[in-house]
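Contents: one structure, followed by commentary.
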Amino acid sequence: MRYIVHTDGAARGNPGPAAIGVVIEDEQGHTVYEASRALGMKTNNEAEYMALIAALEYLKDARAREAEFLLDSELVVRQLNGEYKVKEPRLQALYGQVIMLLNAVPKHTIRHVRREQNTRADELANEALDAVG
């Protein structure tokens, strides 16, 4: 089965209160997993990576063989696709986690999408932020 994965991280302030939103769909577009969780004080980029890690942990448990990751963070997409270096030490650790978890999904692509194409993941991240005030 091929999964379509939408992730979003959000921070109010940079750093500030942060949260993640994750939506994973099957090939027919049916949602098989959603996550919405507050993270405490993080930067927006840290939250973006942590959202991807949450999705990858689900896919690892599901023994996913193929996934398409759709993120609205151009920086994270470019870093993961090798176009940009990861210079920030906190992001380097998160990047390393993502790379390790990606090894569990043999066939995958990571693409940048506009925020309008990532609406539900964005909503979930904002719901978690609203819940903590």
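The values are calculated or read from the model by the stated rules, or taken from the named source; none is laboratory data. This one's a predicted model, so the numbers in the text were calculated from it and none came from an experiment. Cβ atoms come from the backbone with ideal geometry, glycine included; neighbour counts cover every protein chain shown.
Looking at this structure, is Gln79 exposed (fewer than 14 other Cβ atoms within 10 Å of the Cβ), farther than 24 Å from Glu127 by Cα and free of Cβ contacts under 8 Å to residues at least 24 places away in the same chain?
The answer is no for Gln79.
On the basis of being under 16 Å from the mean Cα position of the chain (by Cα) and part of a strand (DSSP E or B), does Arg78 make the cut?
Considered against the rule, which asks whether it is under 16 Å from the mean Cα position of the chain (by Cα) and part of a strand (DSSP E or B), Arg78 comes out as no.
Go through segment 75-130 and give me each residue that's among the acidic types (Asp, Glu) and in contact with a strand residue (DSSP E or B) (Cβ under 7 Å, 6 or more places away or on another chain).
Asp122, Glu123, Glu127
Look through segment 36-51, keep the residues that are among the charged types (D, E, K, R) and over 14 Å from Asn126 (Cα atoms), and return whichever of them is nearest to the chain's Cα centre (by Cα).
Out of the qualifying residues, it is Glu46.
Just to be sure I understand, how many residues within segment 82-98 are part of a helix (DSSP H, G or I), in contact (Cβ under 8 Å) with a residue 12 or more places away in the chain and not basic (Lys, Arg)?
Number of matching residues: 5.
Go through the residues of segment 53-67 one by one and say whether even a single one is modelled with pLDDT under 95, out of contact with any Ser or Thr (no Cβ under 8 Å at 6 or more places or on another chain) and either outside any loop (DSSP other than H, G, I, E, B) or of a type in the set (Phe, Trp, Tyr) (or both).
No, segment 53-67 contains no residue that is modelled with pLDDT under 95, out of contact with any Ser or Thr (no Cβ under 8 Å at 6 or more places or on another chain) and either outside any loop (DSSP other than H, G, I, E, B) or of a type in the set (Phe, Trp, Tyr) (or both).
So which of Gly96, Gly40, Gly133 is surrounded by fewer than 15 Cβ atoms within 10 Å (Cβ to Cβ), farther than 21 Å from Tyr3 by Cα and either at pLDDT below 95 or among the aliphatic types (A, V, I, L, M) (or both)?
The conditions single out Gly133.
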